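Enquirer: Quick one: structure below, then a few questions.
The values are calculated or read from the model by the stated rules, or taken from the named source; none is laboratory data. None of these values were measured; they are calculated from a predicted model. Heads up, the Cβs are rebuilt from the backbone with ideal geometry, glycines too, and the neighbour counts pull from every protein chain shown.
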Amino acid sequence: MIKVAITGSAGLVGSRVQELLYHDFEFIPLLHHHIDITDKKQVREALSQIDFDIFLHLSSYTQVDLAEQEKDAAYTLNVAATNNVYEETIKKGKKFVYISTDFVFDGTQPPYNEESTPHPLGIYGKTKYEAEQIVKDNAMVVRISYPYRAVFEKKTDFIRSVYRYLKKGKKLSMVTDSKVTPTYIDDIAYGLKYLIKNYSPQVFHLVGSESLSPYETACRIAKQFDLDSALIGKITFATLSKDRAPRPQYSVIQSIKNGFHTMMSLEQGLQKLVFES
């Protein structure tokens, strides 16, 4: 069985990957309270003591707006820590998979596939892309976009946030003139299953099969769960973006390499979800 060392194993995506693929791989979680991956010495000592075939690096600073104020923290976790675990993995002659983001693109000339040239706008996207540059050509880079799942207490994703607002009868203002690409996390997990077993040091996109505006997304959620769509108001991207971190307006991200796992549309993904009552 392939042994997979994994960071971010307790996070939104990593925890679900383990839940679904524990029969396929032997996961070796590197939990933050056991190892500080920003400390090069700790990384060296920890990786010298474990046997693994592939290092799956999911741990990341993901607070997009806060990153503009916490630039050092974002850089340390997204760039320096990635470099630490990557260097030690390569020294051991092992394979490396880096999970990145659609925020490496500026959203001005969609759609974006694996051959598109990144041009990140904010600190979050810039640090993720800088990490991509570190591992490029010697590791696999897998970009994901707006991941969502049914249950996860530690962190609320975009889809569940909208659902909870509508469920509570709260009004929402959703952007009409931008695009996002929601991705069902189970699809990411099964896509990774194939990529790990068929490893190649390339860039891959594991993303949902359709892109739509946040307003359309909220309306789909309301329809699927029989919630009040009258609560969903409209707002422009420019208005919402005021005083926030720069981010891609049209994040239409696609794949020209994914012939191995069919990714769900938002409607298909929503049909798989069963939220709390």
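Enquirer: Being under 20 Å from Pro246 (Cα atoms) and among the charged types (D, E, K, R) is the filter here; which residues of segment 37-81 pass it?
Expert: Of everything in segment 37-81, those that are under 20 Å from Pro246 (Cα atoms) and among the charged types (D, E, K, R) turn out to be Asp65, Glu68, Glu70, Lys71, Asp72.
Enquirer: Tell me, yes or no, whether segment 69-83 has at least one residue that is among the acidic types (Asp, Glu), closer than 21 Å to Lys155 by Cα and either modelled with pLDDT under 95 or assigned to a helix (DSSP H, G or I) (or both).
Expert: No, the conditions are met nowhere in segment 69-83.
Enquirer: Just checking, does segment 48-66 include any residue being surrounded by fewer than 20 Cβ atoms within 10 Å (Cβ to Cβ) and of a type in the set (Ser, Thr, Tyr)?
Expert: yes
Enquirer: All but one of (1) in contact with a Phe, Trp or Tyr (Cβ under 6 Å, 6 or more places away or on another chain); (2) surrounded by fewer than 19 Cβ atoms within 10 Å (Cβ to Cβ) hold for Asn78; state the number of the condition that does not hold.
Expert: (2)
Enquirer: Okay, next question. Could you please find all residues in segment 133-155 being in contact with a helix residue (DSSP H, G or I) (Cβ under 7 Å, 6 or more places away or on another chain) and without any contact (Cβ under 8 Å) to a residue 60 or more places away in the chain?
Expert: Ile134, Val135 - these are the residues of segment 133-155 that are in contact with a helix residue (DSSP H, G or I) (Cβ under 7 Å, 6 or more places away or on another chain) and without any contact (Cβ under 8 Å) to a residue 60 or more places away in the chain.
Enquirer: For segment 224-277, how many residues are in contact with a Cys (Cβ under 7 Å, 6 or more places away or on another chain) and surrounded by fewer than 15 Cβ atoms within 10 Å (Cβ to Cβ)?
Expert: Residues meeting the conditions: 1.
Enquirer: Still on this model: If you check every pair at least six apart or on different chains, which have Cβ atoms under 7 Å apart with a residue in segment 93-120 that is closer than 30 Å to Ser48 by Cα first and a residue that is outside any loop (DSSP other than H, G, I, E, B) and among the hydroxyl-bearing types (Ser, Thr, Tyr) second?
Expert: From segment 93-120, the pairs are Phe96/Tyr86; Phe96/Thr89; Tyr98/Thr82.
Enquirer: Taking segment 13-65 as the region of interest, how many residues are part of a helix (DSSP H, G or I), under 22 Å from Leu206 (Cβ atoms) and of a type in the set (Gly, Ala, Ser)?
Expert: 2
Enquirer: Next question, about the same structure. Just a yes or no: is a residue in segment 89-104 out of contact with any helix residue (DSSP H, G or I) (no Cβ under 9 Å at 6 or more places or on another chain), under 25 Å from Phe237 (Cβ atoms) and either of a type in the set (Lys, Arg) or surrounded by fewer than 18 Cβ atoms within 10 Å (Cβ to Cβ) (or both)?
Expert: No; the residues of segment 89-104 include none that is out of contact with any helix residue (DSSP H, G or I) (no Cβ under 9 Å at 6 or more places or on another chain), under 25 Å from Phe237 (Cβ atoms) and either of a type in the set (Lys, Arg) or surrounded by fewer than 18 Cβ atoms within 10 Å (Cβ to Cβ) (or both).
Enquirer: Right, here's the next one. Do you know which residues across segment 185-221 are within 15 Å of Ile253 (Cβ to Cβ) and of a type in the set (A, V, I, L, M, F, W, C)?
Expert: Answer for segment 185-221, where residues must be within 15 Å of Ile253 (Cβ to Cβ) and of a type in the set (A, V, I, L, M, F, W, C): Ile188, Val203, Phe204, Leu206, Val207, Leu212.
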